[in-house]
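Here's the structure we're looking at; comments come further down.
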Amino acid sequence: MKRVLAIVLVVAMMFGMTACSGSGSDTIKIGVIAPLTGDVAVYGNAVNDAVKLYTDKVNAEGGIDGKQIELVVYDDKGDATEAVNAYNKLVSSDQVLAIIGDVTSTPTIAVAQASVADNIPIITGTATHLDVTSFGTNMFRACFIDDLQARTMANLAVAQGVTKAAVIYNASDSYSTGLRDSFKTYCDSLGVEVVADEAYAKGDVDFNAQLTNIAAANPEVIFIPEYYNTFYLIASQARAMGITATFYGVDGTDGVLEIDGADISVFDGIYFSNHYTTDDPSEVVQNFITDYKEAYGQTPNALAALGYDAAMILFDAIKRAGVYEPSAENWQSIIDALYQTDMQCVTGHITYDEGNGTPNKSTKVITIENGVYGFYGEY
Amino acid sequence: MTFLTQILNGIQIGSIYALVALGYTMVYGIIKLINFAHGDIIMVGAYVTWYLIAKLYMSEWAAIALAVVGCTVLGMVIEKVAYKPLRKSARISLLITAIGISFLLENVAQLIFTANPRMFTNLFPGNMNLGNLTIPNNTAVTIVVSVVLMVGLTLLVDKTKIGKAMRAVSEDNDTAQLMGINVNSTISFTFGLGSALAALAAVLYCCSYTQINPTMGSMLGLKAFVAAVLGGIGSLPGAMVGGFVIGIAESLTKGYVASSYADAIVFGILIVVLLIKPTGFFGRTMNEKV
Amino acid sequence: MEKFLSKMKNRYLLNTVLVAAVYGIIMLIIQVGILNRYQANMLIPVCYNIILAVSLNLSAGYLGQLPLGHAGFMSVGGYTAALITLALDLPAAVEFPIALIAGGLVAAVFGFVIGLPALRLRGDYLAIITLGFGEIIRVVITNLGFTGGAFGLSGIQKHTTLTIAFLCTVITVFAVHALMKSRHGRAILSIRENEIAAECSGIPTTYYKTMTFTISAFFAGVAGGLYAHYLCILDPSTFGFMKSVEILIMVVLGGLGSMIGSITAAFGLTLLPELLRDFSDYRMVVYSLLLVVVMIFKPSGLFGTYDFSMSRLLTDFSKGDLFKKKKTENQEPVADELKGAEIAPDTSISADPDIPPEPAETEGKEEL
């Protein structure tokens, strides 16, 4: 009897999978893929919250052409496989018009590859790896690519009269390693000597070994291309060791001042490249900051700003294309509309060259003084 | 100079591995179980201490004491609920249950505290200078406390009655029972002791490596287990020696080879030991009777 | 009916027809549209998870060991297959089978190399050493240049289709089944029951243990190849201890030593996360709880060491005693009193395949 029951259950499960997809013709369905749990959940949640913020704002103002936007959000747990599964579900089961996602580079690359055949418009706020937009013309991003910010930091080093720099990077993360590669190349061409190049692996919390080597080489700056949590660990361990060099960070470093329980004196005098600055007096930026603070109680970091912009760019394109139901032609018209984008967003002025999903933008350098972020300059 | 610093780094992490390895080795000695959940008890200890200090504003020492008590209780509860029913079952079931408990702890912690890493304030800030070397205070405290605890544990096992009971049960469970030893409470005590040590190791770990997250225990636990095997599983001095050796090996690999190979080297040591001398440095060769 | 089914070749005929029928039904369902593309795509992970579970069941269930490094073999096979298709530029029908077989073979070599030293150890030590090897494989792949290092490989062509995956699954299940029904299979089972006695009876245990390990690794490698060409990217961090444990969960929940158990569990555990997406926060908590609870209350898993047999089902049906309680099914694990046996999940006996099926434990061919 047991085995009959088991077989019946199995078959029932198979048919239970048949989901009826509701097609509301008065809503526009947009898919969102982000890591809401797992190692990089903070970043996924920041992006997701910002997208939601913008969507609520647009819906409150009447939606797009009177149609309310419905977000279908899937958690990819920071894993590429889950991201691809989520993508498949969004396209086949939920039948979305477009997708905002993913957040980190590896899952985004996986989704990008999977999406080429379908040609559905996808915009990622934050995946900065070069390969993301290399598979097809349907993939867009709201951020700059890593090469650009590495160059910015190298330029900054030159501008600050630095002759000896050290690098400590995460060898198991494509983001960190890509940044380190670019930084080294630019330093070499600009005449800055890279005196130490130390690697660590994902999950490491003890950097004493690498920092000991760096201390021995006596650099003036240490380039740490890492997300804010690990940046804090490295910086505080370096200071505890007696290292006095200046720290350079990247866009992932934004958010250091918000780490719960951190000793923020460690961050005084750091510089990092970023997508936007809270000092920017422009209306779109200040409104965003105010709205975000009101909704979530903290100052938005760069990832949130990019998520916000991704939504902004996408909805604007949808409005211009004027199509609301998923189909091959509608997707193509949205893609065409995306290439025509020319708008002022939180993270800068966004335009796209035909066929290139990476926007033309500049980088801003932020510094921290007395525990406050401050805009330093554009390099 | 740099070399000495690297060695010192190794001794620091090694002493933490040693403390954890002691817990592993005691439990294995007594019920022949690799308690995969041991590393996660460290994680629980870390979170409890952090929560009490950062969120409930308790004094450090009160928080640590509470964390130790909490972990002890947790360890004993896990043993009663999950491992005791399986004492007579196949070993594979026990191992799998341990893995299950480990995952359960990690994921419940993730549910409650989210995967967002939390920052732990260093309870022993500052440095001290010994000649040319700059030694952070937390390193010194870690090493000293670990050694004291190890000595204390050895004394407990060798000189006290409960220690004798532990040794008896690990030698031969049934005969010990025949001799009038309460096997169940001895086993519970062993788990409790191991967990208490884990909680202290957690505090020391967090002072040096200020970040805590739900998965911090698993790799730490695995490496501590390698240390226990290296030293001879079931042997207390072995676990200590093994811990320091693994710590130093890891530190030197990170400093002179590449950080990403550190894990591979540690497991490589494990494999070499298991193939050449499975009983480790101080273990006894077990003969199998048919 | 009984007489018809007493001949082995007739039983194989019956099972082939059934497998073809299942395939036909699945294809039909997809064509007609009851399952949309997303749901049809979900069957591919089901297929390679079945292969993984069945191959692990070979070393864990039938051989009675606890290898915790299965994900390592999967990654080796996947990388090999991917590197081959990336390097060659032949039509899919040519390069994909080559890649899969090559992936399997390379994984088998690893299985052999790891098995030879590892299988000298028992129980817990074997578990830890295989875990160690699995981690070493992961770290080495993360650091090699030609495997793409930490970034892995991307741009792999999507060669895996449901048909190919299904075919590979059928081949795997058939191969493992045929192995276990043969003389070699009985030797393997005897090693599980009591290795010392088996050795004394003249069975070359080292040979069989290594052989089982190698075959198990081969199929894991094939599954890795299917995985790589389905996902189109390979990220080395996917293949860590966690993945090995996920596969182990499938085998354990299904029942160590039961092929239908592994298949069902693989099927269920692949689909369940998708169905329960809303509860995904609690998923891992539920899994771990489930694992612990199952281990405490029913360590033999869902199916124990029971194996499904269509021939036996039909025979019973024709004899009219389909629901009669069989004597020796689903035995609970015997207490581990013997000092030598580290892992002894169950006692089961495989009957000679040419004797008509009796109400005793027969391992017949099962179907999906």
Check: Using a 1.4 Å probe on the protein chains only, how many percent of the accessible area of the stretch C:2-317 belongs to carbon and sulfur?
Finding: 72
Margin query: Suppose every Lys and Arg Cβ carries +1 and every Asp and Glu Cβ carries -1, with no other charges. What dipole size does the stretch C:2-317 come out with about its Cα centre, to the nearest 20 debye?
Written below: 700
Item checked: Pairs from B:LYS159/B:LYS277; A:LYS57/A:LYS293; B:LYS32/B:LYS88; A:LYS52/A:LYS293 whose Cα-Cα separation, in the structure shown, is over 18 Å -> B:LYS159/B:LYS277
Note to self: Based on Cα coordinates alone, diagonalise the gyration tensor for the stretch C:2-317, multiply each eigenvalue by 5, take square roots, and list the semi-axes in whole Å, largest first.
What the structure shows: 28, 26, 21
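Considering only the other residues whose Cβ falls under 13 Å of the Cβ of A:ASP268, what net charge follows from Lys and Arg at +1 and Asp and Glu at -1? Display every interim value, and only then the final one.
Working: positive: A:ARG239; negative: A:ASP263, A:GLU369.
Net of charged neighbours comes to -1.
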Check: Short version: ³J(HN,Hα) in whole Hz for each residue of the stretch A:373-379, in order, from phi by Karplus 6.51 cos²θ - 1.76 cosθ + 1.60 (θ = phi - 60°), x for Gly and Pro, what are they?
Finding: 6, x, 6, 9, x, 10, 10
Next item on the list: List the residues of the stretch B:210-230 whose backbone N lies under 14 Å from a point placed 7 Å from the Cα of B:ILE112 along the Cα-to-Cβ direction.
Entry: B:213-215
Margin query: Just to confirm my numbers, what's the Cα centroid distance between the stretch B:25-42 and the stretch C:98-138 in Å?
Written below: 25
Next item on the list: Quickly work out the B:ILE135-to-C:LEU116 label distance, labels modelled 7 Å from Cα along the C-beta direction, and quote it in nm with one decimal.
Entry: 4.7
Next item on the list: Return one number: the angle in degrees, 0 to 90 and rounded to the nearest 10, between the long axis of the Cα atoms of helix B:2-31 and the longest principal axis of the Cα atoms of chain B.
Entry: 20
Note to self: Can you give the FRET efficiency to the nearest 0.05 for B:VAL81 and C:VAL140, using r as the Cβ-Cβ distance and R₀ = 41 Å?
What the structure shows: 0.55
Next item on the list: Could you tell me how many degrees, from 0 to 90 and to the nearest 10, lie between the Cα long axis of helix A:283-296 and the main elongation axis, the longest principal axis, of the Cα atoms of chain A?
Entry: 80
Checklist line | Cβ-Cβ FRET estimate between B:LEU178 and C:PHE174, R0 fixed at 51 Å, reported to 0.05 | finding: 0.45
Notebook entry, point to check: Taking the Cα centre of each part, how many Å lie between the stretch C:216-262 and the stretch B:136-172?
Noted result: 41
Note to self: Going by amide H atoms built from the backbone, whose H comes under 5 Å of the H on A:PHE247, apart from near neighbours?
What the structure shows: A:ILE222, A:TYR271
Check: How far is the Cα center of the stretch A:192-244 from the Cα center of the stretch A:58-78, in Å?
Finding: 41
Next item on the list: Compare A:LYS361, A:LYS319 by solvent-accessible area with a 1.4 Å probe and give them largest first, with all protein chains kept in place.
Entry: A:LYS319, A:LYS361
Check: What residues of the stretch A:210-241 lose no less than 10 Å² of accessible area with every protein chain in place versus their chain by itself (probe 1.4 Å, heavy atoms only)?
Finding: A:GLN210, A:THR212, A:ASN213, A:ALA216, A:ASN229, A:TYR232, A:LEU233, A:GLN237, A:ALA240, A:MET241
Margin query: Less than 14 Å Cβ to Cβ from B:ASN122, Lys/Arg counted +1 and Asp/Glu -1: what total charge do the surrounding residues give?
Written below: -1
Notebook entry, point to check: How do B:LYS84, A:LYS29, B:LYS277 rank by accessible surface area computed with a 1.4 Å probe, from largest to smallest?
Noted result: B:LYS277, B:LYS84, A:LYS29
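Just to be sure I understand: if you take the accessible area of chain C alone plus chain B alone and subtract the pair, with a 1.4 Å probe, what total do you get in Å², rounded to 100? Please report the intermediate quantities before stating the final value.
Numbers: alone 17800 and 14090 Å², together 27800 Å².
So the total buried area for this chain pair works out to about 4100 Å².
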Check: In Å², rounded to the nearest 100, what is the total accessible surface buried by chains A and B against each other with a 1.4 Å probe?
Finding: 2000
Check: Accessible area drop of at least 40 Å² (1.4 Å probe, protein heavy atoms): which residues of the stretch B:237-269 qualify, relative to the chain alone?
Finding: B:LYS254, B:SER259, B:SER260, B:TYR261, B:ALA264, B:PHE267
Item checked: Out-of-range pairs (alpha-carbon distance over 30 Å; input A:LYS77/C:LYS209; A:LYS29/A:LYS202; A:LYS361/B:LYS55; B:LYS80/B:LYS164; B:LYS55/C:LYS243) -> A:LYS77/C:LYS209; A:LYS29/A:LYS202; A:LYS361/B:LYS55; B:LYS55/C:LYS243
Notebook entry, point to check: Which sequence of B:GLU171, A:GLU226, C:GLU246 reflects their accessible areas, 1.4 Å probe, from the largest down?
Noted result: B:GLU171, C:GLU246, A:GLU226
Next item on the list: Show the residues, 5+ positions off or on another chain, whose built amide H is closer than 5 Å to the amide H of A:VAL167.
Entry: A:ALA196, A:ASP197, A:GLU198, A:PHE223
Check: Calculated from DSSP H runs of 4 or more alone, at -39500 (n - 2.57) each and per residue, what is the 222 nm mean residue ellipticity of the protein assembly as shown, nearest 500?
Finding: -19000 deg cm²/dmol
Item checked: Where labels lie 7 Å past Cα in the beta-carbon direction, separation of C:GLU199 and B:THR2 in nm -> 5.0
Next item on the list: Can you send over the solvent-accessible area of A:GLU378, 1.4 Å probe, protein chains only, in Å² to the nearest 10?
Entry: 110
Next item on the list: In debye, nearest 20, what is the charge dipole magnitude of the protein assembly as shown about its Cα centre with +1 on Lys and Arg Cβ and -1 on Asp and Glu Cβ, if you could check?
Entry: 4080
Margin query: Under a Cβ-only charge scheme (Lys and Arg +1, Asp and Glu -1), can you give me the dipole magnitude of chain B about the Cα centre, in debye to the nearest 20?
Written below: 440
Note to self: Quick check: net charge around A:TYR169, other residues with Cβ under 12 Å of its Cβ, Lys/Arg +1 and Asp/Glu -1?
What the structure shows: -4
Notebook entry, point to check: Excluding ligands, DNA and RNA, what is the solvent-accessible area per residue of the protein assembly as shown at a probe of 1.4 Å, expressed in Å²?
Noted result: 37
Check: Can you pull the accessible area of A:ASP309 for me, 1.4 Å probe, Å² to the nearest 10?
Finding: 0
Next item on the list: Search the structure for amide H atoms under 5 Å from the amide H of C:PHE303, placed 1.01 Å from N in the peptide plane, and list their residues when 5 or more places away or on another chain.
Entry: C:GLY255
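The values are calculated or read from the model by the stated rules, or taken from the named source; none is laboratory data. Since the structure is predicted, the reported quantities are computational estimates derived from the model, not experimental observations. Positions of Cβ are generated from backbone atoms using ideal geometry, with glycine treated the same way; all protein chains shown enter the neighbour counts. In case anyone asks, the SASA skips ligands and DNA or RNA and just uses the protein heavy atoms, side chains included. Shrake-Rupley method; radii C 1.70, N 1.55, O 1.52, S 1.80 Å.
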